[in-house]
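Asker: Here it is, the structure, as structure tokens.
The values are calculated or read from the model by the stated rules, or taken from the named source; none is laboratory data. Not measured: the values here are computed from a predicted model. Heads up, the Cβs are rebuilt from the backbone with ideal geometry, glycines too, and the neighbour counts pull from every protein chain shown.
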Ligand SMILES: NC(=O)c1ccc[n+]([C@@H]2O[C@H](COP(=O)([O-])OP(=O)(O)OC[C@H]3O[C@@H](n4cnc5c(N)ncnc54)[C@H](OP(=O)(O)O)[C@@H]3O)[C@@H](O)[C@H]2O)c1
């Protein structure tokens, strides 16, 4: 269940929610008051309203400001990540800071024609898997959490069926080389800091 709310709305959302405790609450994107917003999440955590708190769409500079000025280390930073923008430097940065790198739009929402990429198709053929499964497996093997979206029950099953095979080192290397450091949507603009400093 995903609920999007502004900090001042959070209390009402909690009061009216059927859930008594949330697993994870994220700031969806940086605001004019990142510290104040994150402190509201820290309060929620301290009051037992959620189990973990984190960020989304925070670049490394914005993330650093949070860990310098706040008390609770973000559990997650959910950022655009797929085979055409692999966020390699950000991944190292987040790992060093004990923060889970979560990919939004692991299929770049259908952009870049990645299901027809020759390298991906070739590797899919090696494993008798689909291109989508190869893309998800690559991200998972690189310790990136994925949240693919599908409106089809069959594709949801397909996207879950990625834990019975491993990509080998050569396959990982080949997919790593597909990286263009390129967003499919250029949103939010502040994340371009990571695209130009890969
Ligand atoms: N934090 C943020 O700012 C942010 C921003 C964007 C997105 N997100 C989140 O990220 C998640 C996924 O994002 P997304 O929907 O933008 O992109 P996505 O998961 O990269 O792509 C979804 C597209 O891929 C297709 N697809 C899914 N599985 C497939 C498969 N096995 N084979 C072929 N096509 C497949 C879907 O079509 P069908 O539906 O027809 O299967 C849909 O068109 C969502 O939970 C979204 O809320 C977060």
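Asker: Here's a check for you: in segment 99-146, which residue that is outside any helix (DSSP H, G or I) and farther than 30 Å from residue 67 by Cβ is farthest from the ligand (Cβ to nearest atom)?
Answerer: So the residue we want is 128.
Asker: Residue check: is residue 82 in contact (Cβ under 8 Å) with a residue 24 or more places away in the chain, in contact with a helix residue (DSSP H, G or I) (Cβ under 6 Å, 6 or more places away or on another chain) and under 21 Å from residue 54 (Cα atoms)?
Answerer: yes
Asker: Report yes if some residue within segment 150-158 is within 13 Å of the ligand (Cβ to nearest atom) and buried (at least 19 other Cβ atoms within 10 Å of the Cβ); otherwise report no. Lay out the reasoning, then the answer.
Answerer: So the first thing to find is which residues in segment 150-158 are within 13 Å of the ligand (Cβ to nearest atom), and the list is 150-158.
Retained after the next criterion (residues that are buried (at least 19 other Cβ atoms within 10 Å of the Cβ)): none.
No, segment 150-158 contains no residue that is within 13 Å of the ligand (Cβ to nearest atom) and buried (at least 19 other Cβ atoms within 10 Å of the Cβ).
Asker: Out of 2, 18, report the one residue that is closer than 25 Å to residue 91 by Cβ and at pLDDT below 95. Explain how you work it out, then say what you get.
Answerer: On the way: 18 fails: closer than 25 Å to residue 91 by Cβ.
The unique qualifying residue is 2.
Asker: Residue 92 - would you say it is without any contact (Cβ under 8 Å) to a residue 24 or more places away in the chain, in a helix (DSSP H, G or I), more than 11 Å from the ligand (Cβ to nearest atom) and farther than 17 Å from residue 171 by Cα?
Answerer: yes
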